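Notes to accompany the following structure.
Read the figures in this text as sums done on the coordinates, not as results from a lab. What you are looking at is a predicted structure, and each value in this text was computed from that prediction instead of being measured. All Cβ positions, glycine included, derive from the backbone under ideal geometry; neighbour counts span all protein chains shown.
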Amino acid sequence: MMSLLFRTKQGKLKLFLLSGIFISFGIIFAIFIRYRQYADKRNSSVSPVPGDANISIGKVHQTATKDGATEWSLNAGSVKYFDSQKKAVLKDLSITFFLKDGSHIYMTADKGVLKTDSNDIEVTGNVVVKNINYRLRTENLHYNHKKRTISSPVPVEISGTFIRLAADSMFIDLNRNQAVFKGNIKGNIHEKAIL
C-alpha cells in the first residue's frame with residue numbers, strides 16, 4: 001500500500017526537493033561570481049589572507065532581485081577563495097528563497113564548497129531544506145553541474161505533517177526529473193499529503 005501511495009505522489013515531492021536543492025546551488029554559484037568580481041577590483045572589503053586562501057570575506061549578506069522582486073537572500077559567516085585549488089568555501093550558510101506564489105524555501109548548512117573549474121557544488125554539515133509543508137535533512141548534498149545531478153551518499157530524512165520518509169542515500173537526475181532513494185527505505189505517506 002505504501003509503495004503505491006509513494007509512486008502516485010512522488011512527482012510533486014521530487015519537484016519540491018529538486019526546486020529547493022537546485023535553487024540553493026544556483027545561489028551559491030551566483031554569490032561566488034559576485035565575490036570573484038570584488039576580488040578582481042581589489043575592493044577594500046576583500047583582503048588577502050595568509051596560507052592557501054587568496055581572499056577571505058567575513059559575514060556575508062547577499063540579496064538577489066529580478067524585475068523588482070526579491071528572489072533569494074543569503075547569509076554566510078565567511079567566504080574564502082582558494083585559487084590554487086579552484087574552489088570557494090562558504091561557512092554557516094542560511095538561504096531564503098522567495099517563490100512566485102509568495103511562499104518561501106529555506107536552506108541551512110554548516111559549509112558549502114564550490115569547485116570553480118567545474119561549477120560542482122557540495123553542501124555539508126547539518127543540511128536542512130524546508131518549506132511550510134516539508135523538511136529534508138541530511139549531512140551531505142552534491143550537485144554535478146555537467147551531468148545535472150544531485151546526490152546524497154549519506155542518509156536523508158523527509159518529514160511533514162502527512163509524510164515521513166528515510167533512506168540511506170538519494171540520487172536526483174534533473175534532466176530526467178527522476179529521484180531514486182536507496183537502502184533501508186522506511187516511511188509513511190498519508191493520502192492527505194500535499195506533494
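A few points about this structure:
- Net charge over other residues, Cβ less than 13 angstrom from the Cβ of Ser151 (K, R count +1; D, E count -1): -2
- Net charge in the neighbourhood of Arg135 (other residues with Cβ under 11 Å of its Cβ; Lys, Arg +1, Asp, Glu -1) is +2.
- Under 5 Å from the amide H of Asn54 lie the amide H atoms of Tyr81, Phe82, Asp83, each residue being 5 or more positions distant or on a separate chain, with H modelled from the backbone and absent for Pro and chain starts.
- If R0 is 41 Å, the Cβ-Cβ spacing of Val154 and Thr65 corresponds to a FRET efficiency of close to 0.75.
- For His145, the residues whose amide H sits under 5 Å from its own are Asp120, Ile121, ignoring neighbours fewer than 5 places away on the same chain, with H placed 1.01 Å from N.
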